[in-house]
Each structure stands twice: as structure tokens, then as C-alpha cells.
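*Asks:* Provided herewith is a single structure, encoded as C-alpha cells, for subsequent inquiry.
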């Protein structure tokens, strides 16, 4: 049992009542309570839920936790609360819902608990936007940053974490810290991105706003194979059409018989580039889609769309709205969700490796123009089967400077597999944890390496 776990278990009834009373005094009667069935972090239940009304109240919650050696896990809208590793302990769930607010002249300073869609709706009234489109419905800005989440617009504008100008956050001791303004400050601010609240509690973030584009067009083309996608993406990037996004949707399918040709054989290459020559046995149940988003002035976007249609040949079409799968993950609740990152020239190799290991085409969706995609394995797969798939895929990616991470999974899989694989930055992350949270009070065990 950890020191914090021992301290928490020794509180007793009177001690637990005192914690409840103190949280109520800090946050107000409607905003402090005992945890319920919905207050879990990757399966670990919280003992208390606190919803502080501002940074100073949040700092008081952290100081209270420090006094009693209690673990704290921040929560935004909870849209990605099951992502990542299960914390060792969750005593106080610190809900950031009241740490909200928007200022936007000329930089947007947004409270961490503000839903991203509310930020965009407010900015749109002045003809502006944040160039970010995280897929999780209802996600807060703090949750997007803490999970390192990004959507299609990352192709042109970078991830939300890349766009940070600064943050305000609470350290594990309750001190309010501002980070940003220069390289060292930005490095610290961006270190908090993807940390799942285990390095600091985000209070607000500053980001640059931009005008809403006058025109947006989505150019779509059906695709059947990862190799076909590889060829098309390479052609699109070479054409210098300045796409805002290049997104891929490949469906799953039934297991297919192995090709009689070894990988790289000319006949195998022909069959992959021209799937009609290989028959449809074991092929996906429908064609996939490669979709390019173009943004800018109306005349310019129209001209670029015409050039792109000519480049893509086939059945390319132009639409004024996104396809239904745009900004949606390929996995459903209960699936094992994977994140694959690899140089774009090797994305097709990563997808083929995943298909071969799984014995069938696997649903894949994401930013083909960056080599960052998500994939879904059925939740019913046995943990040892998932482990063997991960080992095979990671073996292929290791030689290509890529990685495969388990984003979310059913509890038996989560407990049986290595969620992260090899991480080159683990030593730096460990040093950051020891510096920012030496008592491991914030979301203990949530980060790689049990940090």
C-alpha cells in the first residue's frame, strides 16, 4: 500500500466527514460531495468530487489534499476520462467545470473548464475561431490539452498544444503558476499537454485566434488499400495545394486469405494498387475515403479544389460539408482503441502490419497527411490476443521511428498489456514528475512507467 493509500484508509469515519466538511466549505454546498458510480477514472472510483469556483478555491482543495496525503485527479467534461492508465488512487476528483470563461482580444484566454464548442461559438460571433477541432463531443479546453487531443486541422495548424502561448496551472502544492511568454515557459506549458493532469491542474490557457475562413470545401475520393492511400497522399503533398487537413477513413472487414506473393513482390504490388484484380474475398465491406479539406478565399479555394479533383482522378467529388465520419474516432465504447504515429511514408506499412497481426482489415481513421491515425480492435478480443497484436505492430514500427499506444481498453486488456510500448522520453517525463509533483499526489500511476 502506498503512503497516500495508507493515509487515506486510516482517515476513519470522523476523518472522512471532516474532509467532506472542508471541501464543502471551500467549494460551496452544491459543489462538494462523495463520489458516485459515474465518478471513475479508467475504472478507479473517486472518494470525493470537488468543483471549485475559481483558481484560489482549487488551490485550497490541493492544499487540503496535501495536508491529508490524498491523491487528486482533475476532470473536465470526462470525455476522455478512461484514456490512459488507471491511477493507483483517486481520493479527490477535482472537477474543472467552474474554472471557465473566455477573453479574446487579440489572444484567447480560456478557462480550462470551458467547453471547446462554447469557445468557438463565442469567437464566431466576431468572425474568429481557434484552429482546433478535437473530436470528443463536449470536451473542455483543459481536457483537450491534458489528453493531447487533436483533430483534422492539426495538419495545417498543429495540435492545440502546439498553438499554446501560455498557461496558468496549479502545482501539486496549490501554488498558481503562469508559464509562457518565452521558450522556457512554453516548454513547461507544453509539457503539461498530454499529462492527464498528473503534472499540474490547468486553470486557463492562452491561444492565438484567427479569422474564420471565407470558404471551406471537402474533396473526397474512395480508396481501397493503404498502398493506394500512400500514393495519393504523396501526390497531394507534392502538388502544394496547402490543404487544411488530409483525413483517412478505412473500414474493417473479414479475414482474407494470405497472398501467394511475398511482401514487395511485383505481383503483390499490382494487386494492392488495383484491388479489382485480386478479387473481393476478405476485402473491407465498403470502400474507404480519403478527404482533403481546403480553406481560404472563395475563388482561391474553388481553383485549388478543381486542381485537386484533376489530380485525384477516379471518383473524386467536392462538397460544402464534411463527411459523417469527420472528427469521429473509429472506436466505440468497449473497444480497444489504438493510436499509431509513424512517418507518413511508412503509414501504409503500419496499417498492413496491424491488418496482418489482426488477421483482417481493422478500422483506421485519422490524419493520413501526418501519419497519425487511430484504430479499433474489438473489445471481445482476449487480452493475450491483443498483446500479440501489439507486439507484432510495435516490432514493425520500431524500425520506422513509429509507435503504437493503447488509448483506451476494457479492464482485462488494460491490466494485461503494456499500454505504451517503448518511450524515448520516459527519463525526461520522470524528471518532470519528480520536479513538479515529488509526492506523486496528482493522478498517481496515470503516466507511463507508473508515474
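*Asks:* Please find, among 449, 421, the residue that is part of a loop (DSSP other than H, G, I, E, B) and modelled with pLDDT under 95.
*Replies:* Just one listed residue meets the conditions, 421.
*Asks:* Of the residues in the stretch 375-384, how many are within 16 Å of residue 337 (Cβ to Cβ) and assigned to a helix (DSSP H, G or I)?
*Replies:* Counting residues in the stretch 375-384 that are within 16 Å of residue 337 (Cβ to Cβ) and assigned to a helix (DSSP H, G or I) gives 1.
*Asks:* Given the conditions (1) more than 23 Å from residue 130 (Cβ to Cβ); (2) free of Cβ contacts under 8 Å to residues at least 24 places away in the same chain; (3) in contact with a strand residue (DSSP E or B) (Cβ under 9 Å, 6 or more places away or on another chain), report the number of the one that residue 67 does not fulfil.
*Replies:* (3)
*Asks:* So, residue 430, is that one without any contact (Cβ under 8 Å) to a residue 60 or more places away in the chain, farther than 30 Å from residue 356 by Cα, over 20 Å from the mean Cα position of the chain (by Cα) and surrounded by 13 or more Cβ atoms within 10 Å (Cβ to Cβ) or not? Give the steps one after another, and end with the answer.
*Replies:* Details: without any contact (Cβ under 8 Å) to a residue 60 or more places away in the chain: yes; farther than 30 Å from residue 356 by Cα: yes; over 20 Å from the mean Cα position of the chain (by Cα): yes; surrounded by 13 or more Cβ atoms within 10 Å (Cβ to Cβ): yes.
Yes; evaluated as a whole, the condition is true for this residue.
*Asks:* Exactly one condition in (1) in contact with a strand residue (DSSP E or B) (Cβ under 8 Å, 6 or more places away or on another chain); (2) within 23 Å of residue 330 (Cβ to Cβ) is false for residue 133; which is it?
*Replies:* So residue 133 meets the others, but not (1).
*Asks:* Among the strands (runs of 3 or more DSSP E) contained in the stretch 137-237, which hold 1 or more residues that are in the same structural domain as residue 60 (by TED's automatic domain parsing) and crowded, with 22+ Cβ neighbours inside 10 Å?
*Replies:* In the stretch 137-237, no matching strands (runs of 3 or more DSSP E) lie anywhere.
The values are calculated or read from the model by the stated rules, or taken from the named source; none is laboratory data. Here the structure is a predicted model, which means the values were calculated and not measured. Ideal geometry is used to build each Cβ from the backbone, glycine not excepted, and the neighbour counts take in all protein chains shown.
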